[in-house]
Amino acid sequence: MKWMSILATAAALSMGSAACNNESKEEQPAKPQAGISKQAWGTANGQPVDLYTLRNSKGTVVTITNYGGIVTSFLAKDKNDSVASVVVGFDSIEPYLQSHPYFGAIIGRYGNRIGAGKFSIGDKNYTLATNNGANHLHGGVVGFDKVIWTAAPIVDTLPSLKLSYLSKDGEEGYPGNLQVTVTYTLTEEDGLKMQYEATTDQATPVNLTNHSYFNLTGDTKETIFNHQLQLNADAYTPVDNGLITTGEIRQVAGTPFDFRSPMSIGSRIDSVPGGYDHNYVLNNTDGSLRKVAHLADPVSGRFLEVWTTEPGIQFYSGNFLDGKFINHTGTAVQLHTALCLETQHFPDSPNKKEFPSTILEPGKKYYTETIYKVGVGK
Ligand code: GLA
């Protein structure tokens, strides 16, 4: 099994690992030791890339490549202690080099769409690369999901991977040199913490997120229709036919968008043309880290909590998945077999003065934090 080899490699390579200690008492299975290891993972854009394996002392394992900062797997136990990845991903770099729907990747400079790829800051007009009909999506033709990040593994008390990237002035049409770091940390509570930081030398929009696709059953042979979702959001931002926010903030009460109490995703999806692909306006937006979403799968018993400092979250029910990609488990990733919960500022904010600003000014620091925490129970 490929997972067994990843786990074995992780144990053998783990910094500070006790994996080779034969003197320990035989009846005591060795407690997994927290750590991070690295393995060569082929080439992308003509350069070598690596796969990093983060492991906590409970044996939860996350793998991340520095190509696109992609989370390729998040191995978690179910209620029967059976281990599977709760995120869609692949065992080799090759599928990620094809045109894919951002599986597990870091998204930037701007998560989601900017209408017509145009915006202005002060009296300056900017035109971005358009890659989604007439619109700009997820940072453009070569967004942060397709670049090689400089990786620095950190072993402190917890395993962390610090990824850095300099997005140059003019890249995809954006102004300013933007220095970005994304630090992934695997906590002892089975949280994948993502800390996003950026600075710039010219005012520019910035809206960073992660595009992991979750299926808590651990396999994409099941749709996510039986997953129960709860979102701490009283409102959402409706979109036009091109999926551009209209500027309206609409209450969810009495609509199929109401997830304030846990609801199965499949129960009302037929009333939402195309499926869910909407930004929710999260409650209690004061920039502090709070729990905003709870996703639960009754069959595996697994749950996912999403914590964030961000004001919005894109709930995307995998409406464009089409079976072209084969998951770790050997199953095609078909329509609605995985979902995304992308923490973010609101789509098209640079053109919507009524939305919270996404403009980062020189001398200011961009910082946001999101945690994907998995567990078993309700
Ligand atoms: C986001 C968008 C969707 C789609 C996916 C990628 O979630 O909101 O419309 O573009 O990314 O396929």
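Taken together, the values in this text are just the output of simple stated rules run on the coordinates, not laboratory data. Quick caveat: nothing in here was measured; it's all calculated off a predicted structure. Using ideal geometry, Cβ is built from the backbone for each residue, glycine included, and neighbour counts are taken over all protein chains shown.
Quick look at the values:
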| quantity | calculated |
| --- | --- |
| Helix axis angle, 2-13 relative to the chain longest principal axis, alpha carbon, degrees | 70 degrees |
| Ratio of the Cα radius of gyration of the stretch 254-319 to 2.2 N^0.38 Å, where N counts its residues | 1.18 |
| Selection of chymotrypsin sites (Phe, Trp or Tyr not before Pro), the stretch 259-324, meeting DSSP coil and at most 14 other Cβ within 10 Å | Phe320 |
| Percent of Cα pairs exceeding the 22 Å cut-off, where the set is the stretch 63-136 | 46 percent |
| In the stretch 136-206, the GluC sites (Glu not before Pro) that fall in loop regions by DSSP, at most 12 other Cβ within 10 Å | Glu188 |
| Dimensionless Rg over Rh [the stretch 138-181; C-alpha; Kirkwood] | 1.09 |
| Globularity index of the chain, i.e. its alpha-carbon radius of gyration over 2.2 N^0.38 Å | 0.96 |
| The stretch 216-374: C-alpha gyration tensor shape, a/c 1.5 cut-off, then a/b vs b/c | prolate |
| Local net charge near Ala105, Cβ-Cβ under 12 Å (Lys/Arg +1, Asp/Glu -1) | -1 |
| Size of the stretch 174-275 as Cα extents on the principal axes (Å, biggest first) | 47, 40, 25 |
| Helix-only mean residue ellipticity at 222 nm for the chain, each DSSP H run of n ≥ 4 adding -39500 (n - 2.57), per residue, nearest 500 | -1000 deg cm²/dmol |
| Cα pair distances in the stretch 178-227, grouped into 5 Å bins until the bin that holds the longest one, percent each | 4, 15, 16, 16, 15, 13, 9, 7, 4, 0 |
| Amide H contacts of Leu321 (H built 1.01 Å from N, under 5 Å, at least 5 apart or other chain) | His336 |
| For the chain: relative contact order, % (alpha-carbon pairs under 8 angstrom, 6 or more apart) | 16 percent |
| Trypsin sites (Lys or Arg not before Pro) within the stretch 120-201: DSSP coil, no more than 15 neighbouring Cβ in 10 Å | Lys168 |
